[in-house]
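Everything on this sheet refers to the single structure shown next.
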Amino acid sequence: MSKLKFYFRNVKSLIAATMLIMVINGQPSYAENYTRDELNTINVYEDVSPSVVSVDVDIDDGVSSGTGCIIEAGGTILTSSHVLEGHKKIKITLPNGEKYDGQIISDLSSGDFALLKIKPKKNLPVIRLGDSSKIKVGQKVLAIGNPFGFNRTLTEGIISRVDKVKNKIQTDASINPGCSGGPLLNTEGEVIGINQSIYNPDNNKSNIGIGFAIPVNLAKNFISEAKKSN
C-alpha cells in the first residue's frame, strides 16, 4: 500500500471517529450548525416564548383572538384592549396547553392596553420589558404571536419607521390577525413594543409588510398606573 493511500485511509478513520464522538457526546452534526445570528434568534425564542400566551375571547359574532405577555409570575397578563371588545368569556391558553379563564383587571381603550388575571397552578415565566426610547430605524426585531391560530409563531424583520407623534413603531416583521397584544422584541429578548395592527388599505386581512406596535414605555406607564388603582 502506498503512503498516499495509507494517509487517506487514516484521515477517513479520523473523520469517522470524530463524528462518532460527536454523536456520543450529543454534539450537533454538520447539518445542525447555525450562524451566530441564527443561534441568537433561536435562543431568544426559546427564552421568551414560554411567557407568551394565546387569548381567545367569545363575542357576539364569534371569537376574537390575540396574544398576551405574562408580566407577573402569579398570572398577570398584558394584551391589547381591542382584542377584548364585546367580550363575554376570556380564555387564556398557556404554552403547555393549560387553559384558564381570564378576568380583566384594568383596561385602557385609548392606549389599547389591558391587564388580565388568571390563577395558574404554579408560578409562570415572566417576559422582560425593555426601553423603547432607545429604538432605532434599521434595528432587527422579532415578533411572537398567534396568527390565525398558529400558536407562538416567530417572525423577524426590522424597525421600518418610528412615528413619535402617533406613538407607533412600524415594522416589516409579519404581524397578522391574532398577533395583537404580543411582543415585539429586540435581539436581547426584551419587549420594545406591543404588536397592535397592520396596514391594509385594500381590506386584505393578511400582512402586506407594514405592521405597527405601540412602544413598550407606554405600556409600562399603563401598568404602573393600573397597579396604583388596584
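Scan region 116-137 for residues that are touching a strand residue (DSSP E or B) at 6+ places or on another chain (Cβ under 6 Å) and assigned to a loop (DSSP other than H, G, I, E, B) and report the count.
Residues flagged as touching a strand residue (DSSP E or B) at 6+ places or on another chain (Cβ under 6 Å) and assigned to a loop (DSSP other than H, G, I, E, B) within region 116-137 amount to 7.
What number of residues within region 153-166 satisfy the criterion of being surrounded by fewer than 18 Cβ atoms within 10 Å (Cβ to Cβ) and either in contact with a Lys or Arg (Cβ under 7 Å, 6 or more places away or on another chain) or among the charged types (D, E, K, R) (or both)?
Qualifying residue count for the region: 5.
For residues in region 79-104 being among the small types (Gly, Ala, Ser) and either assigned by TED's automatic domain parsing to the domain that holds Gly181 or surrounded by fewer than 16 Cβ atoms within 10 Å (Cβ to Cβ) (or both), which is farthest from Ile214 (Cα to Cα)?
Applying the filter and picking the extreme gives Gly97.
Taking Leu129 as the residue in question, decide whether it is in contact (Cβ under 8 Å) with a residue 60 or more places away in the chain, surrounded by 15 or more Cβ atoms within 10 Å (Cβ to Cβ) and more than 16 Å from the chain's Cα centre (by Cα).
Details: in contact (Cβ under 8 Å) with a residue 60 or more places away in the chain: yes; surrounded by 15 or more Cβ atoms within 10 Å (Cβ to Cβ): yes; more than 16 Å from the chain's Cα centre (by Cα): no.
No: the conditions fail for Leu129.
Within region 138-155, take every residue that is under 8 Å from the mean Cα position of the chain (by Cα) and of a type in the set (Gly, Ala, Ser) and give me the one that is farthest from Ser54 (Cα to Cα).
If we take residues in region 138-155 being under 8 Å from the mean Cα position of the chain (by Cα) and of a type in the set (Gly, Ala, Ser), then Ala143 is farthest from Ser54 (Cα to Cα).
Does Ala143 meet the test of being closer than 20 Å to Tyr199 by Cβ, in a strand (DSSP E or B) and touching a residue at least 24 places away in the same chain (Cβ under 8 Å)?
Yes; evaluated as a whole, the condition is true for this residue.
Restricting attention to region 167-189, does a residue exist that is hydroxyl-bearing (Ser, Thr, Tyr), within 13 Å of Val52 (Cβ to Cβ) and either buried (at least 18 other Cβ atoms within 10 Å of the Cβ) or in the same structural domain as Leu84 (by TED's automatic domain parsing) (or both)?
There is at least one residue in region 167-189 that is hydroxyl-bearing (Ser, Thr, Tyr), within 13 Å of Val52 (Cβ to Cβ) and either buried (at least 18 other Cβ atoms within 10 Å of the Cβ) or in the same structural domain as Leu84 (by TED's automatic domain parsing) (or both).
Among the residues of region 44-58, what is the count of those that are acidic (Asp, Glu), assigned to a helix (DSSP H, G or I) and either surrounded by 15 or more Cβ atoms within 10 Å (Cβ to Cβ) or touching a residue at least 40 places away in the same chain (Cβ under 8 Å) (or both)?
The total comes to 1.
Could you tell me which of the residues Thr41, Thr76, Thr35, Thr67 is within 21 Å of Val141 (Cβ to Cβ), crowded, with 20+ Cβ neighbours inside 10 Å, of a type in the set (Val, Ile, Thr) and at pLDDT 90 or above?
Thr67
The values are calculated or read from the model by the stated rules, or taken from the named source; none is laboratory data. Fair warning: this is a prediction, and the values are worked out from it, not measured in the lab. Every residue, glycine among them, receives a Cβ derived from its backbone with ideal geometry; neighbour counts consider all protein chains shown.
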